[in-house]
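Novice: Below: one structure in structure tokens.
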Amino acid sequence: MSAATMGTVPTRDSSLIYIAAFLRSAAVGLVGVILAIALTEAGVSVAGTGLVIGTGLAGIAVMTAIVTFAAERLGRRRTLMALTALTVLGYVAAASATRLAWLLPAAFLGMLNGMGRDRGPAGALEQAVLPETTDAAQRTWILAWYNLVLDAGHALGGLAGVVPTLLVSGAGLSLAAAHRSTFFMCAASAALSVVPYTMLSRRVELSPPSAPVPPAEGDRTTRRAVTKLALLFGIDSLGGGFLSTALIAYWFFQRYGFSEGQLAVLFFAARALNAASHVAAAWMARRIGLLNTMVLTHLPSSLLLMAAPAAPSGALAAALFLGRESLVEMDVPTRQSYVMAIVPPHRRTYASGVTNLTRTIGWALGPPVAGVVMQNVGLAVPLFIGGGLKIAYDIVLYRSFYRLRPPEEAVKVIPRR
């Protein structure tokens, strides 16, 4: 593909955001693989583990709300650095505490993320900044590259899930000590992301006003669209909460006997497929439209995952899971681009914050329920619940928004399918 097709060269500020996002997502990817295993090995029940994951996501939701309504006043760089400090706290708590009385408040304040994907308040703020560095024609591409960087971090973090096994066999540590050391390593990676944030120019504070208040009367269409999208994204993320990386890793661990080393390879492959799919999504969206790309890739990904529990072997279940991962993230850059396209530039922080907030609330609600269901009903039941919710989301999203096109698509004839 030509340079024009692949998007513009990132600016200095965009590149710094990419670096910080990579360091943060690598830690998230690693924690997603080992968190449930580490906690259950330390004596926390499966239901308790689900509660810890949900509490961490609740902390992410609260902080996303704060970012939505206060980031512009506090300053974007300062906000990003404060979020990083809290994230480090969460990883240190995971390394140091095994009692729920300590874990739950620390997971909340530290925004401990067991989803395996970085979808927190820092990402919401970054998504509002990045589109302002390019034009409408390249907006999807710059977000695609951003998400590729995130998933490259997720992939390498997932592969690093083998670190506890290596520490046990190579350094002679106990499994508990190996898990503690790995969490401290994640804290160090997250802490390093402060460095690129300190190097951001003052221009990141001077973007068009993104007043974090509900749109005025003249913005009724924007308000209705953002509200409806936020509710739909909440349904999708509720389904995603039943399908967190930590709980899926635990399902493979229990159902098929996958070791942590095998899980590390599996989730490395999954995140690599996620990363490649972002570029494919931007290419596809230019041809069939953002909304069509979102729905036509997301819906079959749920069907693939729901078929996995019927697999007679771990290899086939893993293949179905990887098939799902090659499609499930294609709606991410297209969704972000769609939201940024249908709102005025000065509403982008508001729109990004609100839609990310409802997604995080859905994620927070899912894992505690999924943990209880896995423990008391069946290991695979959350896969069916999560997949069903995601399919419902895809259908309602398309029926609700197929007439509302981004400006760059308004002159194109994109057939309704």
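Novice: Which condition does Gly90 not pass, out of (1) open to solvent by 10 Å² or more (accessible area, probe 1.4 Å); (2) of a type outside the set (Lys, Arg); (3) under 15 Å from Ser193 (Cβ atoms), if it passes all the others?
Specialist: Just one mismatch for Gly90, condition (1).
Novice: Something else now. Scanning for something in contact with a Phe, Trp or Tyr (Cβ under 8 Å, 6 or more places away or on another chain) and among the small types (Gly, Ala, Ser), does the range 342-355 turn up at least one residue?
Specialist: Checking the range 342-355: at least one residue is in contact with a Phe, Trp or Tyr (Cβ under 8 Å, 6 or more places away or on another chain) and among the small types (Gly, Ala, Ser).
Quick grid of which residues meet (1) more than 29 Å from Val377 (Cβ to Cβ); (2) surrounded by fewer than 20 Cβ atoms within 10 Å (Cβ to Cβ); (3) hydroxyl-bearing (Ser, Thr, Tyr):
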| position | (1), (2), (3) |
| --- | --- |
| Ser15 | yes, yes, yes |
| Phe22 | yes, no, no |
| Ala26 | yes, no, no |
| Thr40 | no, yes, yes |
| Val52 | no, no, no |
| Thr64 | yes, no, yes |
| Arg73 | yes, yes, no |
| Leu109 | yes, yes, no |
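Novice: Enumerate the helices (runs of 4 or more DSSP H) found wholly within the range 329-416, keeping only those where 1 or more residues are within 25 Å of Ala269 (Cα to Cα) and at pLDDT below 85. Reasoning before the result, please.
Specialist: Working: elements: 331-342, 348-376, 381-401.
Per the criteria, 348-376.
Novice: Next up: Select from the range 126-148 the residues that are open to solvent by 30 Å² or more (accessible area, probe 1.4 Å) and closer than 30 Å to Thr182 by Cα and list them in ascending order. Break it down into steps so the answer makes sense when it comes.
Specialist: The first filter runs over the range 126-148 and keeps only residues open to solvent by 30 Å² or more (accessible area, probe 1.4 Å), leaving 132-137, 145, 148.
Scanning the range 126-148 gives Trp145, Leu148.
Novice: Could you check the range 196-206 and list, in sequence order, the residues that are touching a residue at least 12 places away in the same chain (Cβ under 8 Å) and part of a helix (DSSP H, G or I)? Quick ask: steps written out before the conclusion?
Specialist: Initial filter on the range 196-206 (touching a residue at least 12 places away in the same chain (Cβ under 8 Å)): 196-201, 203-205.
If the condition is that a residue be touching a residue at least 12 places away in the same chain (Cβ under 8 Å) and part of a helix (DSSP H, G or I), then Pro196, Tyr197, Thr198, Arg203, Val204, Glu205 are the ones that fit.
Novice: Determine which single condition Gln262 fails, assuming it passes every other condition in (1) crowded, with 23+ Cβ neighbours inside 10 Å; (2) modelled with pLDDT under 90; (3) within 30 Å of Ala178 (Cα to Cα).
Specialist: (1)
Novice: Which one of the conditions (1) open to solvent by 30 Å² or more (accessible area, probe 1.4 Å); (2) out of contact with any helix residue (DSSP H, G or I) (no Cβ under 6 Å at 6 or more places or on another chain); (3) modelled with pLDDT of 85 or more; (4) part of a helix (DSSP H, G or I) does Asn292 fail to meet, given that it meets all the rest?
Specialist: Every listed condition holds for Asn292 apart from (1).
Novice: Return yes or no: is His179 under 21 Å from the mean Cα position of the chain (by Cα) and surrounded by 22 or more Cβ atoms within 10 Å (Cβ to Cβ)? Even if it seems obvious, please write down each step before you answer.
Specialist: Working: under 21 Å from the mean Cα position of the chain (by Cα): no; surrounded by 22 or more Cβ atoms within 10 Å (Cβ to Cβ): yes.
In short, no.
Table: residues versus (1) surrounded by 23 or more Cβ atoms within 10 Å (Cβ to Cβ); (2) touching an Asp or Glu at 6+ places or on another chain (Cβ under 7 Å); (3) charged (D, E, K, R); (4) farther than 22 Å from Phe253 by Cα.
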{"residue": "Leu304", "(1), (2), (3), (4)": "no, no, no, no"}
{"residue": "Ala310", "(1), (2), (3), (4)": "no, no, no, no"}
{"residue": "Ala318", "(1), (2), (3), (4)": "no, no, no, no"}
{"residue": "Arg335", "(1), (2), (3), (4)": "yes, no, yes, yes"}
{"residue": "Val339", "(1), (2), (3), (4)": "yes, no, no, yes"}
{"residue": "Ile342", "(1), (2), (3), (4)": "no, no, no, yes"}
{"residue": "Pro345", "(1), (2), (3), (4)": "no, yes, no, yes"}
{"residue": "Val354", "(1), (2), (3), (4)": "yes, no, no, yes"}
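Novice: Take the residues of the range 93-107 that are assigned to a helix (DSSP H, G or I) and open to solvent by 50 Å² or more (accessible area, probe 1.4 Å): which is nearest to Val339 (Cα to Cα)? So that I can check it myself, show each step before the final result.
Specialist: Kept after step one, since they are assigned to a helix (DSSP H, G or I), are these residues of the range 93-107: 93-96, 100-107.
Checking which are open to solvent by 50 Å² or more (accessible area, probe 1.4 Å) leaves us with 96, 100-102, 105.
Details: Ser96: 40, Leu100: 38, Ala101: 39, Trp102: 38, Pro105: 33 Å.
Residue satisfying both the conditions and the ranking: Pro105.
Novice: Farther than 16 Å from Gly32 by Cβ and under 16 Å from the mean Cα position of the chain (by Cα) - does that describe any residue in the range 109-122? Before you say what the answer is, go through the steps one by one.
Specialist: Our first condition is that a residue be farther than 16 Å from Gly32 by Cβ; within the range 109-122, this holds for 109, 121-122.
Add one more test, that the residue is under 16 Å from the mean Cα position of the chain (by Cα), and what stays is 121-122.
For the range 109-122, residues farther than 16 Å from Gly32 by Cβ and under 16 Å from the mean Cα position of the chain (by Cα): present.
Novice: If you go through the range 19-34 one residue at a time, do you hit one that is over 22 Å from Ser244 (Cβ atoms) and in contact (Cβ under 8 Å) with a residue 12 or more places away in the chain? Break it down into steps so the answer makes sense when it comes.
Specialist: Kept after step one, since they are over 22 Å from Ser244 (Cβ atoms), are these residues of the range 19-34: 19-20.
Then keep just the ones that are in contact (Cβ under 8 Å) with a residue 12 or more places away in the chain; that gives 19-20.
Yes - at least one qualifying residue is present in the range 19-34.
Novice: Do we find that Leu166 is at pLDDT below 80, more than 25 Å from the chain's Cα centre (by Cα), farther than 19 Å from Ser400 by Cβ and open to solvent by 70 Å² or more (accessible area, probe 1.4 Å) in this structure? Break it down into steps so the answer makes sense when it comes.
Specialist: On the way: at pLDDT below 80: no; more than 25 Å from the chain's Cα centre (by Cα): yes; farther than 19 Å from Ser400 by Cβ: yes; open to solvent by 70 Å² or more (accessible area, probe 1.4 Å): yes.
No: the conditions fail for Leu166.
Novice: Still on this model: Scan the range 267-277 residue by residue and report those that are within 11 Å of Val162 (Cα to Cα) and either open to solvent by less than 10 Å² (accessible area, probe 1.4 Å) or of a type in the set (Asp, Glu) (or both).
Specialist: Going residue by residue through the range 267-277, those that are within 11 Å of Val162 (Cα to Cα) are 267-268.
Phe267 - this is the single residue of the range 267-277 that is within 11 Å of Val162 (Cα to Cα) and either open to solvent by less than 10 Å² (accessible area, probe 1.4 Å) or of a type in the set (Asp, Glu) (or both).
Novice: Tell me the residue from Gly366, Gly323 that is more than 22 Å from Phe233 (Cβ to Cβ), in contact (Cβ under 8 Å) with a residue 12 or more places away in the chain and either touching a Cys at 6+ places or on another chain (Cβ under 8 Å) or crowded, with 16+ Cβ neighbours inside 10 Å (or both), please. Can you show your working first?
Specialist: Details: Gly366 fails: more than 22 Å from Phe233 (Cβ to Cβ).
So the residue among Gly366, Gly323 that is more than 22 Å from Phe233 (Cβ to Cβ), in contact (Cβ under 8 Å) with a residue 12 or more places away in the chain and either touching a Cys at 6+ places or on another chain (Cβ under 8 Å) or crowded, with 16+ Cβ neighbours inside 10 Å (or both) is Gly323.
Novice: Also, I was wondering about something else. Show the residue pairs meeting these rules: Cβ distance below 7 Å; 6+ apart or different chains; first residue within the range 220-241 and over 14 Å from Ile361 (Cβ atoms); second residue open to solvent by 80 Å² or more (accessible area, probe 1.4 Å) and outside any helix (DSSP H, G or I).
Specialist: Every condition considered, the pairs that remain are Arg223/Pro214.
The values are calculated or read from the model by the stated rules, or taken from the named source; none is laboratory data. Fair warning: this is a prediction, and the values are worked out from it, not measured in the lab. Heads up, the Cβs are rebuilt from the backbone with ideal geometry, glycines too, and the neighbour counts pull from every protein chain shown. Just the protein is used for accessible areas: all its heavy atoms, side chains included, with ligands, DNA and RNA removed. Shrake-Rupley method; radii C 1.70, N 1.55, O 1.52, S 1.80 Å.
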